[in-house]
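Structure, as structure tokens:
The values are calculated or read from the model by the stated rules, or taken from the named source; none is laboratory data. Predicted, not measured: the structure shown is a model, and the values here were computed from it. Quick reminder, even Gly has a Cβ in these numbers, built from the backbone with ideal geometry, and neighbours come from all protein chains shown.
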Amino acid sequence: MYFAGYLGSAQIEKYYKDITTELARTFDIENLSKRVPAHITLRYPFEIESYSDIQNKIIQLLPRQKTQHLFIDGFGHFGDETIYLNVKVDNHEMFIKKYVRGLGEYGKFQNDGFTLHVSIARGLSSETFEKAWFYLMTIPKPYYDLTFDNITIFEFDGDSWKVNKSYPMTGI
């Protein structure tokens, strides 16, 4: 099983590991950084018959694109089950059109409300969500300026998600 995403920079990877470790320790929840690197999902997990299909689609897409900035700006949540780092991008719809729908059949997503994010806590009970959310509101709000400069394929190894291959932007 695979998914496609943006692999975060070393700076965001460090923050991601620190915050997921702190949340896991404080609220006795799963430490997501032990199961998946810091990333922004562009395509939810999928099965493929031929890896070259997705590889070719990415190779065709990237040379035509320029890098652009993504901004980590505070926290957000999906209901009371998932907390994430909020990701903003100039012209969200254009970004989705280029980098999510641009993956063709591999860029289909589950709904039209595609929210760019970096999950930091998942599968929370209502009680744990409230405690963790209150805690996050007491710490400095994260803000990072990232360069969207890769599309990476992650592969599930039965226990965690690992980088299979990262494709750098070449149309800078």
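Scanning the range 119-158 for residues that are β-branched (Val, Ile, Thr), surrounded by 14 or more Cβ atoms within 10 Å (Cβ to Cβ) and at pLDDT 95 or above gives Ile120, Thr128.
Filter the range 138-161 for residues that are on the phi < 0 side of the Ramachandran plot and without any contact (Cβ under 8 Å) to a residue 24 or more places away in the chain and give the result. Step through it out loud before you land on a result.
Initially, the range 138-161 is screened for residues on the phi < 0 side of the Ramachandran plot, giving 138-157, 159-161.
Result: Thr138, Ile139, Pro140, Asp157.
When you look at Lys165, is it within 19 Å of Ser9 (Cα to Cα), assigned to a loop (DSSP other than H, G, I, E, B) and not polar (S, T, N, Q), yes or no? For Lys165, the condition - within 19 Å of Ser9 (Cα to Cα), assigned to a loop (DSSP other than H, G, I, E, B) and not polar (S, T, N, Q) - is not met. Looking for something outside any loop (DSSP other than H, G, I, E, B), aromatic (Phe, Trp, Tyr) and modelled with pLDDT of 90 or more - is there at least one such residue anywhere in the range 91-102? Checked against the condition, which is being outside any loop (DSSP other than H, G, I, E, B), aromatic (Phe, Trp, Tyr) and modelled with pLDDT of 90 or more, the range 91-102 yields no hits at all.
In contact with an Asp or Glu (Cβ under 7 Å, 6 or more places away or on another chain) and either of a type in the set (A, V, I, L, M) or at negative phi (or both): does that describe Ala10?
Considered against the rule, which asks whether it is in contact with an Asp or Glu (Cβ under 7 Å, 6 or more places away or on another chain) and either of a type in the set (A, V, I, L, M) or at negative phi (or both), Ala10 comes out as no.
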